[in-house]
1. Scan the range 75-92 and give yes if some residue there is over 19 Å from GLU161 (Cβ atoms), of a type outside the set (Ser, Thr, Tyr), free of Cβ contacts under 8 Å to residues at least 60 places away in the same chain and surrounded by 15 or more Cβ atoms within 10 Å (Cβ to Cβ), otherwise no.
2. Does at least one position in the range 107-115 carry a residue that is of a type in the set (Ser, Thr, Tyr), modelled with pLDDT under 90 and in the same structural domain as ILE55 (by TED's automatic domain parsing)?
3. Out of the residues in the range 32-57 that are touching a Cys at 6+ places or on another chain (Cβ under 9 Å) and either β-branched (Val, Ile, Thr) or in a loop (DSSP other than H, G, I, E, B) (or both), state the one that is nearest to TYR87 (Cα to Cα).
4. Hey, among the residues in the range 1-37 that are hydrophobic (A, V, I, L, M, F, W, C) and loosely packed, with under 15 Cβ neighbours inside 10 Å, which one's modelled with the lowest pLDDT?
5. For the range 66-91, give me the residue count where each residue is among the charged types (D, E, K, R) and under 14 Å from VAL5 (Cα atoms).
6. Would you check if GLU127 is in the same structural domain as ALA9 (by TED's automatic domain parsing), on the phi < 0 side of the Ramachandran plot and out of contact with any helix residue (DSSP H, G or I) (no Cβ under 7 Å at 6 or more places or on another chain)?
7. Output yes when any residue across the range 16-31 is charged (D, E, K, R), part of a helix (DSSP H, G or I) and out of contact with any strand residue (DSSP E or B) (no Cβ under 6 Å at 6 or more places or on another chain), and no when none is.
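The values are calculated or read from the model by the stated rules, or taken from the named source; none is laboratory data. Given the structure is predicted, the values throughout are model-derived calculations rather than measurements. Positions of Cβ are backbone-derived with ideal geometry, glycine not excepted, and every protein chain shown enters the neighbour counts.
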Amino acid sequence: MAGDVVVEARNLTKIYRDFWGRKKVDALRSLSLTVERGEIFGLLGPNGSGKTTTIKLLLGLLFPTSGDALVLGKNATDVAKNELIGYLPEESYLYKFLSAEETLDFYGRLFNISRAERKRRSAELIEQVGLSHARKRLVKEYSKGMARRIGLAQALINDPEVVFLDEPTSGLDPIGTREMKDLIIDLKAKGKTVVMCSHLLADVQDVCDRVAILHQGELKEYGRVSDLLKIQDLTEVRIRGLSESAKAEIERIIATDGATLESMGHPTTTLEDLFLRIVRESEAHPGRRYLPERKGGSSGTDGDRKTAASPSSN
């Protein structure tokens, strides 16, 4: 159901400490975000920004220092939720001497799926990820792209409601990348919720509905991709058939000259340009982070972006 929150972080903080309990790294600071049912949500950030820490906290593989991580209304540390989620790590850990069919049958048994259902699901997923021709081949003979595909099938064997994908297109050629993105879009069409992180910004721009940009453990930007990429102080008008004499009085002539107004709106930048600008601003003004709008008033701003100085952490 649209608007139904299935993944939520509330002031999520993770501090790594050394053997003596002294603070070593602030991996994540007061992260708050939501992921709604049926959307594709992207986590972006340079290395060390907190993406992997966030994924592991949401999966329950790490315990937060403070704050809450919720998946499908359950605390992330509640193992009962695992029956309803799927996970594709950055490196697929597969048994090399099993075939695709045997791999999916093995993981299906971990979920106590019946033999008949495992067989049906395995055949369906192998077809879905395009490995029907290699269903009997050993995984050790697979290319990187084929290994990513069977890894995705493994993440879907339990028919999960929420799927976490860590660098799903890593190491794939352009054709494999396009096919993986099509598979992710198909998951949304089937009602799945997808949370993915990636360094390949063009891939995120192609498939994600909303994104969160992290840097140095803090949320720097958050929202719909289409809104974030609009250049708000520019308006673009595209007109077909407008005569040269009409250009000087364009607004009046559009209605009287018989021309066709094809589109009018804000031109867009690219996710790569937006990402690089946010990282540079973050380095120039450390401590500024995204703040959501408050009801009845606006949030703190930094130019056109909703950011504000965060309190220093000790």
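1. The answer is no, given that none of the residues of the range 75-92 is over 19 Å from GLU161 (Cβ atoms), of a type outside the set (Ser, Thr, Tyr), free of Cβ contacts under 8 Å to residues at least 60 places away in the same chain and surrounded by 15 or more Cβ atoms within 10 Å (Cβ to Cβ).
2. Residues of the range 107-115 of a type in the set (Ser, Thr, Tyr): 107, 114.
After this cut, where a residue has to be modelled with pLDDT under 90 as well, the list is none.
Scanning the range 107-115 turns up no residue that is of a type in the set (Ser, Thr, Tyr), modelled with pLDDT under 90 and in the same structural domain as ILE55 (by TED's automatic domain parsing).
3. Going through the range 32-57, the residues touching a Cys at 6+ places or on another chain (Cβ under 9 Å) turn out to be 39-45, 51-52, 54-55.
Add one more test, that the residue is either β-branched (Val, Ile, Thr) or in a loop (DSSP other than H, G, I, E, B) (or both), and what stays is 39-40, 45, 52, 54-55.
Working: GLU39: 16, ILE40: 14, GLY45: 20, THR52: 12, THR54: 13, ILE55: 10 Å.
So the residue we want is ILE55.
4. If we take residues in the range 1-37 being hydrophobic (A, V, I, L, M, F, W, C) and loosely packed, with under 15 Cβ neighbours inside 10 Å, then MET1 is modelled with the lowest pLDDT.
5. 1
6. On the way: in the same structural domain as ALA9 (by TED's automatic domain parsing): yes; on the phi < 0 side of the Ramachandran plot: yes; out of contact with any helix residue (DSSP H, G or I) (no Cβ under 7 Å at 6 or more places or on another chain): yes.
Here the answer is yes, as GLU127 does meet what is asked.
7. Our first condition is that a residue be charged (D, E, K, R); within the range 16-31, this holds for 17-18, 22-24, 26, 29.
Within this subset, residues satisfying the condition of being part of a helix (DSSP H, G or I) are none.
Checking the range 16-31: not a single residue is charged (D, E, K, R), part of a helix (DSSP H, G or I) and out of contact with any strand residue (DSSP E or B) (no Cβ under 6 Å at 6 or more places or on another chain).
Quick grid of which residues meet (1) at pLDDT below 90; (2) assigned to a helix (DSSP H, G or I):
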| position | (1), (2) |
| --- | --- |
| SER170 | yes, no |
| GLU179 | yes, yes |
| LEU187 | no, yes |
| GLY191 | no, no |
| MET196 | no, no |
